[in-house]
Amino acid sequence: MFAELDITSNFTFLTGASHPEEYIDRAALLGLPAIAIADENSVAGIVRAHTRAREIARLVAERAALEARDGRIGPPAPTEVESFTPRREVHEQYPGLKARRKHGRLCEAEAGAPRPAVSAAIRNVPRLLPAARIVLSTGFTATVLPLDRAAWGRLCRLISRGRLRVEKGTCLLHPDDLVEFGEGLEMLLHPGRGAEWEDVAQRLVARFGAACHLLLAPRYDGRDPERFARLTALAERLGIDTVASASPRMHRGGRRMLADVLTAIRTGVRVDDLGRAALANAEERLRSEAEMRRLFRGFEDAVDRAGALAGRLDFSLDELRYEYPSEVAEGETAEARLRRLAHEGLRWRYPAGAPERVKGMLEHELRLIAKLKYEPYFLTVRDVVAFARSRNILCQGRGSAANSVVCYCLGVTSVSPEIGTMVFERFVSEARNEPPDIDVDFEHERREEVIQHIYEKYGRHRAGLCATVIHYRGKRAVREVGRAMGLTDDTISAISSQLWGFFSTAGLEDRRLREIGLDPTDRRLAQTMALIYEIQGFPRHLSQHVGGFIMTEGRLDELVPVENATMEDRTVIPWDKDDIDSLGILKVDVLALGMLSCIRKAFDLLKTHLRLDYTLATLPPEDPAVYDMLCRADSLGVFQVESRAQMNFLPRMRPRTFYDLVIEVAIIRPGPIQGDMVHPFLRRRNGEEKVAFPSDALGDVLGKTLGVPLFQEQAMQIAIVGAGFTPEEADRLRRALATFKKHGNVSEFRTRFLKGMKQNGYDEEFAERCFSQIEGFGSYGFPESHAASFALLVYASSWLKCHHPGIFACALLNSQPMGFYAPAQIVRDAREHGVEVRPVSINASYWDNVMEADGRGGLALRLGFRQIKSMREEDAAWITAARGNGYLAVEDVWRRAGVGPLALRALAEADAFADVGLNRRDALWAAKAIGGERPLPLFGGDIDGEGIVEPAAHLPKMTEGEEVVEDYVAMRLTLRAHPMSFLRARLTPEAA
């Protein structure tokens, strides 16, 4: 028996030429019982291989069950047909052997040699053996495979130590580290040269004994038999055994060209200049046992030892039993603490007493949480949110569990359960047996405070951010492959310009190339285009997830390696959200949302100027004036409904209730639009089309959306209720929807869905339409639970804009950059709503935009220094602090505030000195006269008229048009005339 123990996947970035999943698929067909993905100082790709192996096991089990029930599937194998006569086999004799040298031709297979199977091993389920190839600072290399869970923990700590010593993307390990953490690891020592290599090898053998093995891998240069004999003698001298491996870099030989391109990208040279760095042939591929025995003829015992070693390795990633942080506080159990906090929150949310329905929902949810033992999860999220609220950081939870009564009482969300939105189906959650989904959005300017709090509370050995795998897509693939293949920069730019045409419509590539003057029949160009397509989806490097945190009860670095991120004070793990989801590991998404910063700043302004103290949960609900404003599409700056598409839809939708906003958020998305859900919904809402359901069961699912599926949850419910999907199948459909852009596998469920719908008596046309809509969600659909949380922010921002447009505009400007619109459009919209907007003033402005008394009992919006391009917040702070009773001249600002000439010129160009009697040109003239960063000591104070008085410069005054242009140059907005007003007379003379 043979098992491959030293595979390099494409998670050894720019080296391996095959995905981990491809190796598993190939191993299954080759009949290999086990393989080990061993990337360089990394375990980033092994979860993908593990997940694929589980999927193969599921498919094999399904096939076995179907065959046991219905008989064999497919035609008989050739060996089962009496008339079948196998052809005499020939193969290429191994280079360098006597027969090859003598005959120089293909030779017949030796008598008695095992004949390859005439059919693929379709029932084989290969095991994934977790491993890593450890490369030390000395160049010494060993592939290490953990025997058990404890050894896996030591491997993770070993890699973590090397990664945390250096910057992201590199690893620094020494022989002492391998000795310290090597207990329980089977080590395959890669042959090396020199006394230093032998010293390290002898040290490891002395420490770990029989756990060390010498790796034999062919080089395919005609001298492998002699090399194997020499290495076998070395192994005997060290007192260890040899183990055979093909050390593949690709699952099939067809990836050779791509492997060379990856090497060229990694080394920064053209493929033509690779020299010896290029692969000499396509032999470094995954091999079957029969091939390995042929390659290692005379050394077959090394092949057998590889299989025997794999048989001793029992550890599987399924053993990674993830433990949530216990969240036990002062001896109080997690269950008791969650129950106490939930009931305290119930009294806080309902001071006059909660409705019986809400009390019943709370008890039901607490029982379900206790049954599934999710109390620590909810407590973890609650503690993170509590910290944010203690720092006055606005936050809002969303997700399948966030819109529950428990989360409402814990303060995680402000969406009232009485709204009656549909949370994620309980039976699906129970069937999945994985944590509920809660994402928490925080103010985008203050999220880092929350992240650092998590690190401080749990420690970096217990908390880390998920990774995001950056894949080759579009322009990156064109650019890097094109350069490696020697295309000119002009050619690469031309191909990139046609990117949409290449990757959206198959079959148009030749026409697109001809349109830009390229010859698609050119051999080099054709090869390049094929490689660009082939590299799509290959991992390029790891980045950090936007906010997905992993927190553990024990050491995180014994569950998965931890490494430094590029950002300071951030540590990450190498697995992405799909990987940890596959392993059932808890992730809390700590996300950033600009609108939360805006709303919190607006609440602060309301409290400061109008003595109004609001929160998201206490805003007046269902205000008709708010809905009237939205029906007019007056939504510039409003969260989620400010795009032109939403503005176009609002007057047709005519929202009048909160749930209308939930639908509004979800419906203008690529999924519902591509699935043709928008117009049927509008026709039914407006009474132009009858609302009908093909069955009562689907009526329960689609009733509140008038028979049109708008949410991801409904797509799964249709599959369960209409097509008879099991909860497990529905969960796989959910995952397919979530990862469509990466894997594009929603259509795999098509046959199963249509067959199930037909068996349940539904019309074929209706079934096709339903699945088409589900496929639309794959492009981008929105869960109802998320839509409800976003709808609350839509309502809050709409309420602020409706009733306090000046304060809303001020908060929106202070939260830039965010949203669709530039400051000029926000200011224009505020003025159209009757807000007095005042210009930047050296004596009245602060860094932020502020509200000030307008002298008529109202408030005016004063623009802040932040609106001036190239102005620094530090300079604004000095100007404000030194202002006193006001500045009288440009030089006065320079002397008292100590700001430099560049800041003074920026202020002058923004016309900030207008209220001290200086127009823009006079102020700029005075600012340019100041040459130094600060006054010289001799002239630092007033010199009582003893200085030289220069004659005043009489500069021509700017025209109104010039002022407008300079406003836009300095601040990207103007409070003067609209730019088109100067051209209106020319464009429409009759209007003049």
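The values are calculated or read from the model by the stated rules, or taken from the named source; none is laboratory data. These numbers come from a predicted model, not from an experiment. No Cβ is skipped: glycine too gets one built from the backbone with ideal geometry, and neighbour counts run over all protein chains shown. Remember, those area values only see protein heavy atoms, side chains included, never the ligands or the DNA or RNA. Shrake-Rupley method; radii C 1.70, N 1.55, O 1.52, S 1.80 Å.
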- Query: Within the set of pairs 6+ apart or on separate chains, which have a first residue in the range 453-468 that is within 15 Å of Asp557 (Cα to Cα), a second that is of a type in the set (Ser, Thr, Tyr) and crowded, with 16+ Cβ neighbours inside 10 Å, and C-beta atoms under 6 Å apart?
  - Reply: Arg460/Thr571; Arg462/Thr552; Ala463/Tyr455; Gly464/Thr571
- helices (runs of 4 or more DSSP H) within the range 765-835 that include 3 or more residues within 22 Å of the chain's Cα centre (by Cα): 784-803
- Note on the structure: Those residues of the range 407-466 which are modelled with pLDDT of 85 or more and among the aromatic types (Phe, Trp, Tyr) amount to Tyr408, Phe442, Tyr455, Tyr458
- Where residues in the range 180-196 are of a type in the set (A, V, I, L, M, F, W, C) and out of contact with any His (no Cβ under 9 Å at 6 or more places or on another chain), which of them is surrounded by the fewest Cβ atoms within 10 Å (Cβ to Cβ)? Ala195
- Message: So in the range 372-413, with the set limited to residues that are among the basic types (Lys, Arg) and in contact (Cβ under 8 Å) with a residue 40 or more places away in the chain, which one is least open to solvent (accessible area, probe 1.4 Å)?
- Response: Arg398
- Message: Here's a check for you: in the range 493-527, which residue that is assigned to a helix (DSSP H, G or I), among the hydrophobic types (A, V, I, L, M, F, W, C) and open to solvent by 60 Å² or more (accessible area, probe 1.4 Å) is modelled with the lowest pLDDT?
- Response: Phe503
- Message: Looking at the range 531-552, can you tell me whether even one residue there is of a type in the set (Lys, Arg), assigned to a strand (DSSP E or B) and open to solvent by 30 Å² or more (accessible area, probe 1.4 Å)?
- Response: yes
- Which residue pairs have Cβ atoms closer than 8 Å, lie 6 or more positions apart in sequence or on different chains, and pair a first residue in the range 613-625 that is at positive phi with a second residue that is at pLDDT 90 or above and hydrophobic (A, V, I, L, M, F, W, C)? Glu622/Phe658
- Return the residue satisfying two criteria in turn: it lies in the range 241-252 and is of a type in the set (A, V, I, L, M) and under 19 Å from Pro225 (Cα atoms), and of such residues it is surrounded by the fewest Cβ atoms within 10 Å (Cβ to Cβ). Ala246
- Task: Return a yes/no flag: does the range 871-882 have any residue that is under 21 Å from Ala970 (Cα atoms), part of a loop (DSSP other than H, G, I, E, B), at pLDDT 90 or above and not aromatic (Phe, Trp, Tyr).
- Result: yes
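Each row is one residue, and each column tells you yes or no for (1) open to solvent by less than 10 Å² (accessible area, probe 1.4 Å); (2) among the small types (Gly, Ala, Ser).
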| residue | (1), (2) |
| --- | --- |
| Lys755 | no, no |
| Phe771 | yes, no |
| Ile774 | yes, no |
| Gly834 | no, yes |
- Query: Taking the range 23-53 as the search range and keeping residues that are within 24 Å of Cys466 (Cα to Cα) and charged (D, E, K, R), which one is surrounded by the fewest Cβ atoms within 10 Å (Cβ to Cβ)?
  - Reply: Glu40
- Task: For the range 836-870, enumerate the residues that are open to solvent by 20 Å² or more (accessible area, probe 1.4 Å), farther than 16 Å from Ala906 by Cα and not in a loop (DSSP other than H, G, I, E, B).
- Result: Arg838, Val850, Glu852, Ala853, Leu859, Arg862
- The listed residue being in contact with a Lys or Arg (Cβ under 9 Å, 6 or more places away or on another chain), of a type in the set (Asp, Glu) and open to solvent by 20 Å² or more (accessible area, probe 1.4 Å), out of Asp623, Asp589, Asp604, Asp578: Asp578
- Matching helices (runs of 4 or more DSSP H) fully within the range 637-734 where at least 3 residues are closer than 29 Å to Glu832 by Cβ and touching a residue at least 40 places away in the same chain (Cβ under 8 Å): 658-667
- Out of (1) open to solvent by 30 Å² or more (accessible area, probe 1.4 Å); (2) among the acidic types (Asp, Glu); (3) in contact (Cβ under 8 Å) with a residue 12 or more places away in the chain; (4) more than 22 Å from Ala34 (Cβ to Cβ), the odd one out for Asp148 is which? (4)
- When the range 553-578 is checked residue by residue, the ones that are among the acidic types (Asp, Glu), farther than 16 Å from Asp589 by Cα and assigned to a helix (DSSP H, G or I) are Asp557, Glu558
- Message: Of everything in the range 966-985, what is part of a loop (DSSP other than H, G, I, E, B) and of a type in the set (Lys, Arg)? Give them in sequence order.
- Response: Arg972, Arg976
- For the range 779-832, name all the residues that are open to solvent by less than 10 Å² (accessible area, probe 1.4 Å), over 17 Å from Leu630 (Cα atoms) and of a type in the set (Ser, Thr, Tyr). Ser785, Ser789, Ser815
